[in-house]
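The values are calculated or read from the model by the stated rules, or taken from the named source; none is laboratory data. The model shown is predicted, which means the values in this text are computed figures rather than measured ones. Positions of Cβ are backbone-derived with ideal geometry, glycine not excepted, and every protein chain shown enters the neighbour counts. Ligands, DNA and RNA are stripped out before the accessible areas are found, and what is left, the full protein with its side chains, is counted by its heavy atoms. Shrake-Rupley method; radii C 1.70, N 1.55, O 1.52, S 1.80 Å.
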Amino acid sequence: MGTLQSTHPVDTSRRRVLGRVTLIIALVSAALLALMFMIDLGGAQYGLIFAAFPFVIAAPASVVLLRKAGKPEVIELYEDGIAHVFGGVRRSWAWDEVKAIDVAERGEYSYTGSDVDCTVRFADGNLLHFSGLTENSRAIIAALGTHCKDATNEPVRKKYKGRAAAILGSITLVGGGVATWAVLTVPQTAEGGDQFGLAMLAVACAVPAVISLILLISVLVTGRR
């Protein structure tokens, strides 16, 4: 790398707050799931299975957010390239290694607290993502636009499109299949059988199936993501 031109530290305070919030949600959801096996409300306790959805989302999110919040992160601009330092690990790339740039304007009142998001793909396949939470992020975007103008016309995550479609498609098929089986089985359940439990299972599987189907359609019709 040549001469250092500027450094851009990332504000981690918002990650810490969001990480704690998601951790609380994950713990409460886990407690509700455990309670489902400990109480008997004539089948009504199966309704607590809906706590699995926020748990599955919040648990890994809290780990990622708190991990990132606990480590310093800085983006460095040089006359001949860009570097990313996170938790003491430094990665650097020359300008000609930048292969794709995707900049998204989020608006003044974005839920993330950032007015802009940028994802960069390099020749080695690594991705670098930064947002308005990075100090003077506009200067980084301006430098990328100046030195890597052709990269702004390339899709950033196109290579991961097939993988995302396969995962989302599998979730849709499995969730939809189990939900369909549960719906068809309910009328055949003998009087006094666990009809309520099967109905809850159908709903519990149908919800993620519908969500994954919507995401799958979004992945298939969107070129840049």
Positions within the range 67-85 being touching a Lys or Arg at 6+ places or on another chain (Cβ under 7 Å) and modelled with pLDDT of 90 or more, in sequence order: ALA83, HIS84
Scan the strands (runs of 3 or more DSSP E) fully inside the range 55-103 and keep the ones with 3 or more residues being at positive phi. none
The range 37-54, subset modelled with pLDDT of 75 or more and part of a helix (DSSP H, G or I), residue surrounded by the fewest Cβ atoms within 10 Å (Cβ to Cβ): PHE53
Return the pairs, sorted by first residue and then second, in which the second residue is open to solvent by 40 Å² or more (accessible area, probe 1.4 Å) and at pLDDT below 65, the first residue lies in the range 191-210 and is under 14 Å from PHE53 (Cβ atoms), the beta carbons are less than 6 Å apart, and the residues are 6+ apart or on different chains. none
Among GLY197, GLY175, GLY145, the single one that is modelled with pLDDT of 85 or more, open to solvent by less than 40 Å² (accessible area, probe 1.4 Å) and assigned to a helix (DSSP H, G or I) is GLY145
Within the group VAL17, VAL56, VAL85, which residue is among the β-branched types (Val, Ile, Thr), free of Cβ contacts under 8 Å to residues at least 40 places away in the same chain and in contact with a strand residue (DSSP E or B) (Cβ under 8 Å, 6 or more places away or on another chain)? VAL85
For THR22, all conditions in the list (1) farther than 21 Å from LEU198 by Cα; (2) open to solvent by 50 Å² or more (accessible area, probe 1.4 Å) hold save one; what is the number of the exception? (2)
